[in-house]
1. So who's got an amide H within less than 5 Å of the one on HIS255, skipping anything under 5 residues away but keeping other chains? H placed 1.01 Å off N, in plane.
2. Treat the count of other C-beta atoms within 10 Å as a stand-in for reagent exposure and order ARG50, ARG105, ARG131 from fewest to most.
3. From the phi angles alone, apply the Karplus equation (6.51, -1.76, 1.60; θ = phi - 60°) to region 403-418 and give each ³J(HN,Hα) in whole Hz, x where the residue is Gly or Pro.
4. Starting with the fewest neighbours, write out ARG349, ARG292 ranked by other beta-carbon atoms found within 10 Å of each beta-carbon.
5. From Cα coordinates alone, what are the radius of gyration and Dmax values for the chain in angstrom?
6. Along each principal axis of its Cα atoms, how long is region 39-107 end to end? Whole angstroms, biggest number first, please.
7. Just want to confirm a number: the relative contact order over the chain, from Cα pairs under 8 angstrom separated by 6+ residues, in percent.
8. Only four residue types carry charge here, +1 at the Cβ of Lys and Arg and -1 at the Cβ of Asp and Glu. Report the dipole size of the chain about the Cα centre in Debye, rounded to the nearest 20.
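A short reminder: the numbers here are calculations on the coordinates, not readings from a lab. In this text the structure is predicted, and so the values were computed from the model without any measurement. A quick note on method: Cβ atoms are made from the backbone with ideal geometry, for glycine too, and the neighbour counts reach across all protein chains shown.
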Amino acid sequence: MKHITLLLLTSVLIACSHQPDIYNTTNQSQNNEQSHQAPYVLLVSIDGFRWDYIEKYQPPFLSQFAKNSASLKSLQPSFPTKTFPNHLSIVTGSYPQHHGILNNRFHAPDLNKDYSISDPTAVTNGDFYLRKPIWVMAEEQGMRTASFFWPGSEAKIFGKKPTYFVNYDHNAPHQPRLDTVVNWFKLSAARRPHFVTTYFHDVDSAGHHYGPNSPQVAAAISKVDSSLQQLHHELTKLDIAVNIVIVSDHGMAQHNTGNFETLPKGLQQQFFSKGKGPIVHLYHNNKVPSLRQADITQALTQLNQQAQHYRCFEYQTIPVKFNAHKSQRIGDITCLANQGWAIGFSEHRIKGDHGWSQFASKDMDGIFYASGPAFKQGYQHPTTENIHIMPLLAHILGLQVTGPIDGKLEQLTPLLIDK
Ligand code: AMP
Ligand code: ZN
Ligand code: ZN
């Protein structure tokens, strides 16, 4: 009996520890008059879901959802094809060089600070984020928003966070996430968020550990597919119609663990580096401009002379098509490996990866499937860059885009019933 009581108590405690305060009692803000009438949008990200996974793995719910949706042939990620830069591109409508999150880990010379997705102090420091995510514009315009995970959602950006948000936990189970999202949409009209995000890491994690062609990726897709089916089912029971937009940040490519090229170790005397694998950023240790340039030029020559499976660029000379030549946060020197190759100062052994050029193959492309009252059904549009999603969502929600963005609304209006 004692055991059973303890077991029950433990289960309740576990359940509670994952159950956020969905009513966020400290936050009583309400939608303003104008926002009451606005549509609802749920933005779901399946990290690392490659553009062709539906055809390859045929998950039952997503296959049906995609077929009936307004979709893109594939969603082209921004450079570099990593998680944080692309999630921020999706919600800010901007290239990483403009929104400021240049990779999952980078140095910001303008702030003299390092950013890393595993450092909560950095992730929640609004100074790193240079453009407004759509939830910030919504909150500024009196519309309530919510996020059960999205890169950047835990930071006060331009002074605002989503009304309801949850701190990221890689090991969080799906069920509380699904329940919370549904419960947010069940709040009273005054407090119900009109823009909600959620995120699943499972498919990306399996892709890295076992490669994109593995049974483990099939299992991860199947798990996320069941969760999304449940979420969709619960949302259809509500008395409001929610536009559901399912995206991914990038794809995934096979990496033969033997394909590793070491960068010249001597460079570590003058430079510190961020990242390894498909892309590496090098920053000169010396902040005095006159003492840096000769070393940078020399290092670049050395790197490119010895490089067999990669190319390096001084940041201003990164080819314009990457839209990454304007921000020094990408490093004094950026080295980009050929697809399937990894580079770094120490070995990198994983079976699948992303971060390679989005122009080298379609393997870096992700997905975009949208369904709901705003969208056409069974319509497919050609491959489009992910910076164009944000102005589309702003348009659906009736928000004004306040502040600069790179995306263009016209790129995706063909997906809409009423332009
Ligand atoms: P990548 O190295 O680009 O594959 O990054 C994927 C990882 O990003 C996942 O394994 C997640 O755990 C992590 N991640 C996703 N969202 C967040 C977040 N909001 N905060 C911290 N880490 C995150
Ligand atoms: Zn990712
Ligand atoms: Zn990944």
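1. GLY352, ASP353
2. Numbers: ARG50 27, ARG105 19, ARG131 23.
Ascending number of Cβ neighbours within 10 Å: ARG105, ARG131, ARG50.
3. x, x, 9, 9, x, 10, 4, 4, 4, 10, 4, x, 7, 8, 6, 10
4. Working: ARG349 10, ARG292 17.
Ordered by Cβ neighbours within 10 Å, fewest first: ARG349, ARG292.
5. Taking only Cα atoms of the chain, I get Rg and Dmax of 21.9, 75 Å.
6. The Cα atoms of region 39-107 stretch 42, 32, 16 Å along their principal axes.
7. On the way: 899 pairs, mean separation 119.2, N = 419.
Relative contact order comes out at 28 percent.
8. Dipole about the Cα centre, nearest 20: 100 debye.
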